[in-house]
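Written out below as structure tokens is the structure these notes cover.
The values are calculated or read from the model by the stated rules, or taken from the named source; none is laboratory data. If you're wondering where the values come from, they're calculated on a predicted model, not measured in any experiment. Note: ideal-geometry Cβ built from the backbone for every residue, glycine included; neighbour counts use all protein chains shown. Accessible surface areas use protein heavy atoms only, side chains included; no ligands, DNA or RNA. Shrake-Rupley method; radii C 1.70, N 1.55, O 1.52, S 1.80 Å.
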Amino acid sequence: MLTQFEQLGIVPGLFTYSNPNDKAKVLTALKTVIANYYQTIAKDRASAYGKGYKVQVQQPEEVKIGELPGLRD
């Protein structure tokens with residue numbers, strides 16, 4: 001999971017959510033993590049149940065947890 005953050009130049013503890021550039025990078029990294037998670041589930045289910053089984057993916061929704069931005073999937 002850290003690689004998506006590192007690829008965008010996000011260093012844990014050295015970014016702030018009040019900085020719009022940092023916030024955008026974090027949300028982009030989180031969206032990548034969620035997409036990878038759904039892809040893993042879809043592959044797992046396809047191998048277990050066949051190609052007729054589909055995973056319905058919902059787009060992540062931006063939320064706030066206190067003052068921190070995040071995504072709900």
Item to check | the range 25-58, residues that are under 14 Å from residue 3 (Cα atoms), open to solvent by less than 50 Å² (accessible area, probe 1.4 Å) and either free of Cβ contacts under 8 Å to residues at least 24 places away in the same chain or small (Gly, Ala, Ser) (or both) | outcome: 29
Next on the checklist: Just checking, does the range 12-20 include any residue being in contact with a strand residue (DSSP E or B) (Cβ under 9 Å, 6 or more places away or on another chain) and assigned to a loop (DSSP other than H, G, I, E, B)?
Outcome noted: yes
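Is it the case that some residue within the range 9-24 is within 11 Å of the chain's Cα centre (by Cα) and loosely packed, with under 11 Cβ neighbours inside 10 Å?
Step one: list which residues in the range 9-24 are within 11 Å of the chain's Cα centre (by Cα), which gives none.
No: zero hits.
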